[in-house]
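Take a look at the structure below.
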Amino acid sequence: MNFVIIGCGRVGASLAQTLSQREHAVAVVDRDPTTFARLGPAFSGRTLTGVGFHRDLLLQAGIRHADGLAAVTGSDETNVVIGWLARQVFRVPRVVARLYDPRKAEIYRPLGLQTINPVSWGTNRIAELLAYSHLDTVLSLGSGEVDIVDAELPALLVGRTVHDVTLPGEVHVVAISRGSTTFLPTLGTVFHSGDVLHCAVLATSSDRLKTLLALT
């Protein structure tokens with residue numbers, strides 16, 4: 001997969017290293033070229049110097065073919081502008097913008113941006129949002145403690161019930177889409193082939209959901 005990271009501070013550098021170690025193609029953009037030293041000699045991606053919301057620079061970074069972009073500069077406003085460009089202009093499928101002020105998250109959410117607060121989420125959480133393909137995080141609540149996640153029902157769970165993928169206080173199936181209908185299930189609702197599950201999940205319990213859905 002191809003990713004663009006805007007900002008090579010401690011979070012940006014750590015995220016770039018994490019994605020590179022997972023054998024993804026990574027391009028890192030920062031206006032200060034000295035920050036690239038944080039990436040270390042083992043980093044196999046590309047580095048570009050300049051302002052992250054300049055169109056030509058984003059094109060050089062490969063944004064047209066990017067599977068995801070993370071805007072993690074030191075400015076909330078810059079991160080939002082870059083995130084908006086990535087989503088609305090370049091149609092990047094997954095965009096994460098870091099916000100230092102969590103109160104701004106609700107303001108920017110209608111723009112279609114996934115926002116994170118550095119106090120609540122670390123670089124591994126950003127990498128999961130960008131790179132993990134089996135579960136689709138469609139909304140984060142609060143400061144990222146709870147996610148609303150969509151997942152296609154694995155074949156092995158056809159005929160099982162909602163109770164089988166429920167962990168009280170951690171994982172709850174809040175709705176099921178079946179064909180053209182979406183409904184609220186009970187614990188006894190039986191899964192059908194082709195169901196899409198809409199789950200409320202503690203961010204710290206995402207691995208347990210993957211295990212329940214046999215995605216690991």
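Read-outs: derived from the displayed coordinates by stated rules, not from any lab. On a predicted model such as this, the values are computed, not experimentally measured, just so you know. So basically every Cβ, Gly included, is an ideal-geometry build from the backbone, and we count neighbours across all protein chains shown.
Here r is the Cβ-Cβ distance between Leu184 and Asp101 and R0 is 30 Å; the resulting FRET efficiency, rounded to 0.05, is 0.30. Ranked for footprinting exposure by Cβ neighbours inside 10 Å, fewest first, Phe36, Phe183 give Phe183, Phe36. The stretch between Thr211 and Arg55, if pulled fully straight at 0.36 nm per residue, gains 52.1 nm over its current Cα-Cα span.
When the chain is fully extended, how far beyond the present Cα-Cα distance does Arg91 get from Val196, taking 0.36 nm per residue of separation?
35.4 nm
Please give the Cα centre distance for segment 197-216 versus segment 27-53, rounded to the nearest Å. Centre-to-centre (Cα) distance: 34 Å.
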